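One structure is given here, and the rest of the page talks about it.
The values are calculated or read from the model by the stated rules, or taken from the named source; none is laboratory data. All values reported here derive from a predicted model rather than from experimental measurement. Here the Cβ positions follow ideal geometry from the backbone for every residue, glycine too, while neighbour counts run over all protein chains shown. Ligands, DNA and RNA are stripped out before the accessible areas are found, and what is left, the full protein with its side chains, is counted by its heavy atoms. Shrake-Rupley method; radii C 1.70, N 1.55, O 1.52, S 1.80 Å.
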Amino acid sequence: MKKALITGITGQDGSYLAELLLEKGYEVYGIMRRKSTLDYGNIDHLIGAEHLHLIYADMTDFVSLVNAMRESDADEVYNLAAQSFVATSWEQPLATAEIDAVGVTNMLEAIKLVKPSCRFYQASTSEMFGLVQEIPQKETTPFYPRSPYGVAKLYGHWITKNYRESYNMYACSGILFNHESERRGKEFVTRKITDAAARIAAGKQDCLELGNMEAKRDWGHSKDYVRAMWLMLQQDTPDDYVVATGETRMVREFVDAAFEALDIALEWHGEGADEYATNKANGKTVVKVNPKFFRPAEVELLLGDPTKAEKELGWEREIDFKELVTRMVLADKERVSHE
Ligand code: NAP
Ligand code: F7E
């Protein structure tokens, strides 16, 4: 039985990856942070599973990661833990760097010390492309991060490559473009939209306030993307891969699609900070721009080229954009109906 250690197991991707590895017959270990209230986040439904084990640790505490390696004796480590919200990275740039940058070195050093044959996956991100130097972005596209989060993740990306080259470790980075799901945190734009659309349709909220409507993202589903992480650790040689859909859409298009899934047609008016949308059926304003959600520096366009992952890993996505939006909206509609 293979043993895997997942950092960030309580998050969106950690929960889908834990499900995938349990299905594959792994002994799954996850690290979680101590909090004042016991909170299993997205793995609440897995608590009690025979082959799932939780260890208290923190990416900023090297000793705790060494202990996690000793306790799990992991064959594979998936490093998904991060301060993952870009907007917060301007408010907490040092914590973001400690967790998302130095934390990666802590994990790599713990592996090197306890079990150097253990395979390592690093959760790199399309945010490293930032002010994009090429369209679409692929593994060879130069990086230009635009936030403290993107900068910290770039360190994590390079230190992973460096440990691979310096110590011959099996270490990979997945450069994953935005991926969402019913389990996405409500601060991220997609979930903020689907949650608000469901609440507005149910008469429990009047209006949704958003920032930059023109930003373009390449959105896939987390369940498809965790399969790519696993595939990266099953190859003969370690390498880095872009995982994306190859399609890009504006935030405004996501808003339209979410309301459409609830049979609400929108009409758009104005532009920039004065933009708003009304419900065609009754003329009520249901979406408007609030500049407080604009970022100090924006990533305007992300569009990934997943050809290498498709060809070399045999990775394929199963959930398209329409299904992604529908799944998220229906899950929020169901939840809102019980509020
Ligand atoms: P998420 O839902 O925000 O989950 C982040 C996880 O990291 C949570 O389990 C969180 O624990 C944990 N964590 C945060 N700080 C920690 C610390 N100091 N020590 C230990 N654990 C800590 O993020 P996600 O969407 O699943 O993303 C997973 C990874 O992929 C992240 O590294 C993210 O940066 C990266 N990524 C995400 C995307 C995307 O679109 N989703 C794209 C590219 C890369 P708590 O539950 O205690 O907060
Ligand atoms: O923003 C715009 C915002 O916060 C997407 C993380 O998983 O993916 C994620 O980072 C876009 C940005 O995700 C609002 O300005 C407009 O252009 O959903 P987001 P993100 O910043 O792309 C990458 C790949 C990661 O690695 C990260 O960990 O939407 N936007 N209005 C808004 N964004 C938010 N959050 N809220 C708004 O009201």
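Inspect the stretch 179-192 for any residue being away from ligand 1 (no atom under 13 Å from the Cβ), without any contact (Cβ under 8 Å) to a residue 24 or more places away in the chain and within 22 Å of Arg252 (Cα to Cα) and give the result as yes or no.
Start the filter on the stretch 179-192 by keeping residues that are away from ligand 1 (no atom under 13 Å from the Cβ), which leaves 192.
Cutting the leftovers down to without any contact (Cβ under 8 Å) to a residue 24 or more places away in the chain gives us 192.
From the residues that got through so far, the ones that are within 22 Å of Arg252 (Cα to Cα) too are 192.
Within the stretch 179-192, one or more residues are away from ligand 1 (no atom under 13 Å from the Cβ), without any contact (Cβ under 8 Å) to a residue 24 or more places away in the chain and within 22 Å of Arg252 (Cα to Cα).
Is there a residue in the stretch 26-44 that is assigned to a loop (DSSP other than H, G, I, E, B), near ligand 1 (Cβ under 8 Å from one of its atoms) and surrounded by 14 or more Cβ atoms within 10 Å (Cβ to Cβ)? Among the residues of the stretch 26-44, at least one is assigned to a loop (DSSP other than H, G, I, E, B), near ligand 1 (Cβ under 8 Å from one of its atoms) and surrounded by 14 or more Cβ atoms within 10 Å (Cβ to Cβ), which makes the answer yes. Among residues of the stretch 280-309 that are in contact (Cβ under 8 Å) with a residue 12 or more places away in the chain and within 9 Å of ligand 2 (Cβ to nearest atom), those with a Cβ under 6 angstrom from a residue that is open to solvent by 50 Å² or more (accessible area, probe 1.4 Å) and part of a loop (DSSP other than H, G, I, E, B), sequence gap 6+ or separate chain, pair up as Val299/Arg146. Within the stretch 10-23, if we keep just the residues that are within 19 Å of Ser181 (Cα to Cα), away from ligand 2 (no atom under 16 Å from the Cβ) and hydrophobic (A, V, I, L, M, F, W, C), the residue that is most open to solvent (accessible area, probe 1.4 Å) turns out to be Leu20.
Would you check which residues across the stretch 45-59 are closer than 23 Å to Glu109 by Cα and surrounded by fewer than 16 Cβ atoms within 10 Å (Cβ to Cβ) and list them?
Selection gives His53, Tyr56.
Can you name every residue in the stretch 274-296 that is under 20 Å from the mean Cα position of the chain (by Cα) and in a loop (DSSP other than H, G, I, E, B)? The one that is under 20 Å from the mean Cα position of the chain (by Cα) and in a loop (DSSP other than H, G, I, E, B): Arg295. Being outside any loop (DSSP other than H, G, I, E, B), within 16 Å of ligand 1 (Cβ to nearest atom) and open to solvent by 10 Å² or more (accessible area, probe 1.4 Å) narrows it down to one of Arg252, Arg327, Arg335, Arg317, so name that one. Exactly one of Arg252, Arg327, Arg335, Arg317 is outside any loop (DSSP other than H, G, I, E, B), within 16 Å of ligand 1 (Cβ to nearest atom) and open to solvent by 10 Å² or more (accessible area, probe 1.4 Å), namely Arg327.
So how many residues does the stretch 197-230 have that are in contact (Cβ under 8 Å) with a residue 40 or more places away in the chain and either more than 30 Å from Val132 (Cα to Cα) or away from ligand 1 (no atom under 16 Å from the Cβ) (or both)?
From the stretch 197-230, those in contact (Cβ under 8 Å) with a residue 40 or more places away in the chain are 197-202, 204, 206-230; that's our starting set.
Within this subset, residues satisfying the condition of being either more than 30 Å from Val132 (Cα to Cα) or away from ligand 1 (no atom under 16 Å from the Cβ) (or both) are 197-202, 204, 206-214.
The number of residues fulfilling the criteria is 16.
Residues in the stretch 80-103: is at least one among the acidic types (Asp, Glu), within 12 Å of ligand 1 (Cβ to nearest atom) and crowded, with 16+ Cβ neighbours inside 10 Å? Steps first, answer last, please.
So in the stretch 80-103, the residues among the acidic types (Asp, Glu) come out as 91, 98, 100.
Checking which are within 12 Å of ligand 1 (Cβ to nearest atom) leaves us with 98, 100.
If we keep only those that are crowded, with 16+ Cβ neighbours inside 10 Å too, we end up with 98, 100.
Yes, the stretch 80-103 contains at least one residue that is among the acidic types (Asp, Glu), within 12 Å of ligand 1 (Cβ to nearest atom) and crowded, with 16+ Cβ neighbours inside 10 Å.
List the helices (runs of 4 or more DSSP H) inside the stretch 53-110, counting only whole elements, that have at least 1 residues being within 16 Å of ligand 2 (Cβ to nearest atom).
Values: elements: 62-72, 88-91, 93-97.
Correct list: 88-91, 93-97.
If you take the residues in the stretch 120-156 that are buried (at least 22 other Cβ atoms within 10 Å of the Cβ) and more than 14 Å from ligand 2 (Cβ to nearest atom), which one is farthest from Phe294 (Cα to Cα)? Taking the candidates together, the pick is Phe120.
Among Gly41, Gly48, which is the only one that is more than 24 Å from the chain's Cα centre (by Cα) and modelled with pLDDT of 95 or more?
Gly48
If you check Thr141 against the conditions, is it part of a loop (DSSP other than H, G, I, E, B), more than 30 Å from Glu209 (Cα to Cα) and over 17 Å from the mean Cα position of the chain (by Cα)? Yes. Considered as a group, the residues in the stretch 185-204 that are open to solvent by 50 Å² or more (accessible area, probe 1.4 Å) and not in a helix (DSSP H, G or I) include one that is nearest to Leu330 (Cα to Cα), and that residue is Ala202. Of all residues in the stretch 297-314, how many are assigned to a loop (DSSP other than H, G, I, E, B) and either touching a His at 6+ places or on another chain (Cβ under 9 Å) or of a type in the set (A, V, I, L, M, F, W, C) (or both)? Total meeting the criteria: 4.
Looking only at residues in the stretch 205-249 that are part of a loop (DSSP other than H, G, I, E, B) and under 20 Å from Lys24 (Cβ atoms), which one is farthest from the chain's Cα centre (by Cα)? Write out each step before concluding.
Residues of the stretch 205-249 part of a loop (DSSP other than H, G, I, E, B): 205-207, 211-215, 218-219, 233-240, 244-248.
From what's left, under 20 Å from Lys24 (Cβ atoms): 233-236, 238.
On the way: Leu233: 18, Gln234: 21, Gln235: 23, Asp236: 26, Pro238: 22 Å.
Filtering first and then ranking leaves Asp236.
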